Amino acid sequence: MGDDCTYCGCDVTVHDPVYVEETDADGRRVPAGRFCSYGCLAAHVEAEGLAAGTTCRVELD
Ligand SMILES: [Zn+2]
């Protein structure tokens, strides 16, 4: 078995993998994705629009 990249489907373990976690309503960490590299992570974030409006330092006006 392998860990397939959430973005491109490659086996991340042959690259330099990056794992992403989120927290659920109870504060528990849950896997949110795995990627070959920061390149695949960045591409996935871009493709899904995950970063839009989510920075913690947004200037509100
Ligand atoms: Zn990948």
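The values are calculated or read from the model by the stated rules, or taken from the named source; none is laboratory data. Just so we're clear, the structure is a prediction, and the values are computed from it rather than from any experiment. All Cβ positions, even for glycine, are placed from backbone atoms using ideal geometry, and neighbour counts span all protein chains on display. Note: areas computed on protein heavy atoms with side chains; ligands, DNA, RNA excluded. Shrake-Rupley method; radii C 1.70, N 1.55, O 1.52, S 1.80 Å.
Probing with 1.4 Å while keeping every protein chain in the model, the per residue accessible area of the chain equals 81 Å².
Given +1 at the Cβ of Lys and Arg, -1 at the Cβ of Asp and Glu and no other charges, the dipole of the range 1-59 around its Cα centre is 100 debye to the nearest 20. A quarter of the convex hull surface defined by the alpha-carbon atoms of the chain gives 5.6 nm² as the mean projection.
Over the chain, what percent of the accessible surface lies on carbon and sulfur atoms, probe 1.4 Å? Accessible surface attributable to carbon and sulfur in the chain totals 49 percent.
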